[in-house]
Amino acid sequence: MKYDIIWPYYKDFKYFFRCIKQINNQSILATNLIFINDGNNFSFLEDTLRKSLNSKINLIYIKNTKNIGAALSLEQNFKKIQSEYFYNIATDDLISRFFIEKSLKPLITRKSVAFIFSNSIYKIEKNKRKVKIKFPFFVNNKFYFSKEVINIFKKYQFKIYHNTIIFNSKIFLKKNLFKEIYGKECDMINLIYLSFKHGFIYLNKELAHFIIRKGQQGKEAKKIYKQIEILKILKKRERGFYFLFTKLGLHFDIIPLGIIKLLFNNLYEAINIKWFLRSFKFYLWKKIRYIFPEWFIIFLFKYFK
């Protein structure tokens with residue numbers, strides 16, 4: 001089972017060595033580590049990485065002359081992927097030793113599926129709290145084809161996060177929407193796009209943590225402006241996907257007050273009850289996740305679809 005890890009890195013020294021340790025300790029080692037130095041000028045970075053990385057893993061080291069951001073760095077370097085499967089790791093991600101092995105086993109049985117994902121665990125850095133998000137509406141190890149995926153997104157509100165995903169390289173590289181033009185949420189948009197076209201596999205295991213840190217969320221006014229621009233680009237470039245995306249209310253990152261911006265930009269089809277309710281729920285969840293106990297957050301996630 002050959003796979004590559006692609007790692008965009010700028011200056012998150014706090015988690016640098018922990019990330020290398022996680023890569024080295026996987027029960028099945030990566031064939032290649034595609035490391036993208038996104039403008040970091042520490043002169044010994046490559047040498048430090050080579051000395052710390054397991055010698056059985058081939059290092060493909062890429063350096064950007066200046067910082068261009070993770071999304072654009074990845075977009076430009078996905079072509080470096082050589083193995084049948086790949087995993088995109090962020091420096092602060094936490095993954096178990098058996099993450100790759102347990103994820104790959106079901107995935108290799110379905111050559112036509114885009115990716116596999118598992119349960120999310122949010123670790124809030126500020127207060128060290130963990131929130132486990134399970135998906136009780138999914139069946140373990142089941143392949144969901146495109147029509148099933150669309151029906152599930154229609155019925156339930158949920159997000160799939162990159163840190164739980166392993167991709168089929170061939171399907172991903174054939175066409176994806178992981179483009180810098182779609183902003184920081186391009187990974188989310190791409191996951192929905194690929195799942196609509198190729199389906200996915202769900203694994204009922206907790207194998208990876210997503211770290212919530214201060215500064216990850218921008219100011220709402222700027223975010224709305226960017227989100228509106230992304231919808232306009234989607235409507236122009238991926239019209240069929242855009243109409244399904246908005247019909248299902250999957251643009252719930254736009255807060256309820258964003259309805260005014262949607263109207264001003266003639267995005268009338270993006271305004272519907274499903275979007276409004278999901279947007280309100282998601283906005284509320286972001287506000288209370290630092291305050292209320294885990295059981296209440298899980299209750300909210302599970303029952304207020």
With only helices counted (DSSP H, runs n ≥ 4, each -39500 (n - 2.57)), the per-residue ellipticity at 222 nm for the chain, to the nearest 500, works out to -12000 deg cm²/dmol
Counting only Cα, what are the radius of gyration and maximum Cα-Cα distance Dmax of the chain, in Å? 19.2, 56
From the residues Pro106, Leu244, Ile23, which one has its Cα farthest along the dipole of the chain in the positive direction, the dipole being from +1 and -1 charges on Cβ of Lys/Arg and Asp/Glu about the Cα centre? Leu244
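Looking only at the chain, where both bridge partners belong to it, what percent of the DSSP beta bridges are antiparallel (to the nearest 5)? Could the numbers behind the result be given before it?
Details: 14 of 39 bridges.
Here the antiparallel bridges make up roughly 35 percent for the chain.
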Taking Cα centroids, how far is segment 159-214 from segment 88-115 in Å? 11
Ranking request for peptides 184-194, 88-98: highest mean number of other beta-carbon atoms within 10 Å first, then the rest in descending order. 184-194, 88-98
Which is farthest toward the positive dipole end of the chain among Phe44, Ile124, Leu173, measuring Cα position about the Cα centre, with Cβ charges +1 (Lys, Arg) and -1 (Asp, Glu)? Ile124
Quickly work out the Lys247-to-Phe44 label distance, labels modelled 7 Å from Cα along the C-beta direction, and quote it in nm with one decimal. 5.9
About the Cα centre of the chain, how large is the charge dipole given +1 on each Lys and Arg Cβ and -1 on each Asp and Glu Cβ? Please answer in debye to the nearest 20. 640
Report the one residue of Leu263, Thr65, Ser146 whose Cα lies farthest in the direction of the positive end of the charge dipole of the chain (charges on C-beta: Lys and Arg +1, Asp and Glu -1; origin at the Cα centre). Leu263
Hey, what did segment 3-212 get for relative contact order, percent, Cα under 8 Å, at least 6 apart? 27
In whole Hz and in residue order, list the ³J(HN,Hα) couplings for segment 132-147 that follow from phi through the Karplus curve 6.51 cos²θ - 1.76 cosθ + 1.60, θ = phi - 60°; x for Gly and Pro. 8, 10, 9, 10, x, 8, 9, 9, 4, 6, 8, 8, 9, 7, 3, 5
Give the peptides 74-81, 37-44 in descending order of average Cβ contacts within 10 Å, highest first. 74-81, 37-44
Relative to the first principal axis of the alpha-carbon coordinates of the chain, what is the inclination of helix 186-198, with its axis defined by its Cα atoms, in degrees from 0 to 90 and to the nearest 10? 80
Provide the packing ranking of 281-288, 6-13, 112-119, i.e. peptides ordered by the mean count of other C-beta atoms within 10 Å per residue, highest first. 112-119, 6-13, 281-288
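Values quoted throughout were computed directly from the atomic coordinates according to the rules given, and no laboratory measurement underlies them. Treat the numbers as computed from the prediction; the structure is a model and nothing was measured. Here Cβ is always computed from backbone atoms with ideal geometry, including for glycine, and neighbour counts include all displayed protein chains.
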